[in-house]
Amino acid sequence: MATVTISPKYQITLPAEVRQALGLHPGEKLLVEVVEGEIRLRPWHPPVRQLLQELLEAYPDEAEALQKTTGHDAVGYIRKLRKG
């Protein structure tokens, strides 16, 4: 178990062994909660829908091509492909 110090700006630095064990990188988000008097931190993974939206916004040309291919109904398009 490691000890961390709270800075005057209420910041902490996660020890390297913790960052490495969880595969954390700068800029990633953590969920913070208080449970039974303890502070708990855990990696935050955004919902798949949010990730897809961010990808579509980052690549507008590909998003437009996807909409044309699927007829603006990606779910229906995938169902159709699965049925053969």
(message) Of the candidates Glu57, Glu17, Glu36, which one comes out as most mobile in a Gaussian network treatment of the chain with C-alpha springs shorter than 10 Å?
(response) Glu36
(message) Which of Glu54, Glu38, Glu64 ends up with the largest GNM mean-square fluctuation for the chain, with Cα atoms connected below 10 Å?
(response) Glu38
(request) Show that you can apply the helix-only estimate: for the chain, add -39,500 (n - 2.57) for every DSSP H stretch of four or more residues, divide by all residues, and state [θ] at 222 nm to the nearest 500. (result) -13500 deg cm²/dmol
(request) Compute the separation of the alpha-carbon centres of region 50-64 and region 2-40 and state it in Å as a whole number. (result) 31 Å
(message) With the cut-off at 1.5 for a/c, could you classify region 1-45 from its C-alpha gyration tensor as rounded, prolate or oblate?
(response) rounded
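A short reminder: the numbers here are calculations on the coordinates, not readings from a lab. None of the values given here were measured: they were computed from a predicted structure.
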